[in-house]
1. Of K294/K319; K491/K667; K164/K391; K65/K491; K418/K468, which sit over 30 Å apart, Cα to Cα?
2. Based on the Cα coordinates of segment 531-649, what is the per residue volume of their convex hull in Å³?
3. I need the calculated FRET efficiency for the pair I88 and E493, taking r as the beta carbon distance and R₀ as 22 Å, to the nearest 0.05.
4. Express in nm, to one decimal, how much length is gained between L59 and L566 on full extension, taking 0.36 nm for each residue of separation and deducting their alpha carbon distance.
5. Determine the gain in length on full extension of the stretch E588-K547; use 0.36 nm per residue of separation and subtract their C-alpha separation, reporting nm with one decimal.
6. What would the Debye formula give as log10 I(q)/I(0) at q = 0.11, 0.14 Å⁻¹ for the alpha-carbon point model of segment 238-335, no solvent?
7. Based on the mean of other Cβ atoms within 10 Å per residue, sort peptides 551-558, 484-491 so the most packed one is first.
8. Note down, for segment 326-389, the three equivalent ellipsoid semi-axes (square root of 5 times each alpha carbon gyration tensor eigenvalue), biggest first, whole angstrom.
Amino acid sequence: LFTRLNLMNVTELARKIKLTTSEMLEILPEFGFDIGRKAIKVDEKIARKILEMGDQIRLKLELNKKAKYEELKKPTVGLQPGAEVKEIQIPPVISVRDFAQVINRPVNLVIKELMKNGVMASLNQKIDFETAAILGDEFGLKLILAAGQEEVEQKQNVKDILGKESKSDLEARPPIIVVMGHVDHGKTRLLDTIRKTNVMGQEAGGITQHIGAYQAKRKDRILTFIDTPGHEAFTAMRSRGAKVADVAILVVAANDSVKPQTIEAIKIIQQAEVPLIVAINKIDLPDADIEKVKKDLASMNLIPEDWGGKTITVPISAKENIGIEDLLDTVLLVAEMEKDKIMANPNATAMGTVIESHIDKGEGPVATVLIQNGTLAVGDNLCIDDVFFGKARNLRDFNNADLAQAVPSVPVKIIGLKYAPKVGDVVCVQNVIERKNKKAKAFDIRKEETHINSKLFAAQDEDGQEVKKINVIVKADVLGSLEVIAESLEKIESQEVKVKIVSKGLGNITDSDINMALTSNALIIGFNVKATPLAADMAREKNVEIKYFNVIYHLLDDIKARMSLLLSPEVVRKDLGKAEVLAIFKTEAKNMVVGAKVREGIIAATSKIEVVRKGEVITRGTIKELQAGKQKVTEVASGQECGINFIGKPEIKINDILVAYSEEELKKII
């Protein structure tokens, strides 16, 4: 007898074959099981077949991973040996579609390469120059900013100013070390151990939310460290961190080995042409496998020194303070080898790069700047792209102690700015401020046009059709977090629901934010900020929802859950049985009473019915009542005869086949 099929939970099936759900759903189509990336349950028969092939599936997945590592070893995509590298000019911001046209590559290939680098982007989404440059390098192209663009001037400031300095004026400065790697591999714990402080304990969720710069001393030499966030949402912040560094420490957990963000960090470091030291962390754990880490690094063309290569690896345990001194000595050794490049003129006009920016309720706009040349003093006039941003009213070091001046390689907190600069801006001191330097409003408009993270786009699908939208207003404490939140929200993938950022800004939530939320029906998100008392009262009175967060991925999870509620459910059909029509007893305008014999499976009183004649579906309907032996029944099994009160178009004829089925609505999630 045909029995009702059971369904197995997809996550349970993945657990049984010892894979993650995403890994299993990715590999199954290669074995002919196309059950959908968002499937929740799978037919029991299919599940049994998958379980039987568990060993083959795991082997195939392992081979695919190795193939991906082999692909990563290739320096470029589509570049023939000996071919000349082509130079192409692009603007600071360009859509994925336009970028594909400019470099003459299929757009799907560009999107694939973006995904490899941890960037999820659609056809019409914008990418910045740094992202495009990394892609161009992989395609065997050299991308340069188009002449006359604002960022050309800004990026040339650092190189041009240092390039114009006389060698006799240059002096050695402390090396700047950037610490990068996958989330939770121990970057901040490493810095915490080096500085003997507890910075990690202060970070929400134990994950670095901002770029931080700190200094430590080893063998009477000062080292400047930059801690870059490791969560996937912080791709842009990591790339900015690498640009100002002299040495990069890549932290890889010995129990986790190379991960997607590790690969991305490696590419950013290589793009910045910074010497690399790999710190293999967590060697104290029982499941630590240092050799596996070295093997995975070697597969990416980073051959460890003890394997005959040039990549320096240092095994450490930041938690147990094992190997930290060896790591610092290695940093000093690499810095010594690069000493000709680690130079600056402390007597020149000061210049540095913004590595953090926010608005403090007591101090106003505040920026953390890493001084790269010259000496910054209290009272200096500060300009960005020839626009006056205010005077350095007060300077503080990373311990929040007052400074009279800041020399090269010193991270300094500047108080006294009129406006909050953007992360990555180059700050220069100007002794004389001319009238033209004070056009800050024009500067803001110009920056809006040229910086991807400041430009907001309305939510719509790629065909221009209407989609469901969640309107949000984002307020954050610092600019780095605000940019990352906005970028991450825009990257959430869904064809049915989009996030539209109505407004974003720094500082506490005010009554104007409440009014804007009312007019736009928006959710207000506060990241490390609170609502003013007036705004909180207005929100309660006018029923405006405010959500507070201090960890970015918690914020993203909340938004994804809200988007999932707006998704239309997935309807899953399950065939129950078939019956052949033997007689027609009654025909009315909207229903019929027929006699039938169940040929296979069952016919249930709650079934939906599909009327099939000569292989074609004639009409559909439902069962109002089911009888067997003149008694109402809930279901009839194969071989039995029954009477069916059919609700639907009265088009049933003798010998038609009635297919009974049920439909279940499954909630989709993002």
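The values are calculated or read from the model by the stated rules, or taken from the named source; none is laboratory data. This one's a predicted model, so the numbers in the text were calculated from it and none came from an experiment. A quick note on method: Cβ atoms are made from the backbone with ideal geometry, for glycine too, and the neighbour counts reach across all protein chains shown. When the accessible area is computed, the model is the full protein with side chains, heavy atoms only, and any ligands, DNA or RNA have been set aside. Shrake-Rupley method; radii C 1.70, N 1.55, O 1.52, S 1.80 Å.
1. Working: K294/K319 21 Å; K491/K667 22 Å; K164/K391 26 Å; K65/K491 25 Å; K418/K468 39 Å.
Table pairs above 30 Å Cα-Cα are K418/K468.
2. Numbers: hull volume 25.0 nm³, N = 119.
Hull volume normalised by residue count: 210 Å³.
3. Details: r = 29 Å, r/R0 = 1.30.
E(calc), rounded to 0.05, equals 0.15.
4. Numbers: separation 507, 0.36 × 507 = 182.52 nm, distance 3.83 nm.
In short, 178.7 nm is gained.
5. Working: separation 41, 0.36 × 41 = 14.76 nm, distance 5.68 nm.
Working it through step by step, the gained length comes to 9.1 nm.
6. After summing over all Cα pairs, the log10 values are -0.30, -0.49.
7. On the way: 551-558: 17.4, 484-491: 21.4.
Put in order of decreasing packing, that is 484-491, 551-558.
8. Numbers: eigenvalues 178, 59, 18 Å².
Those come to 30, 17, 9 Å.
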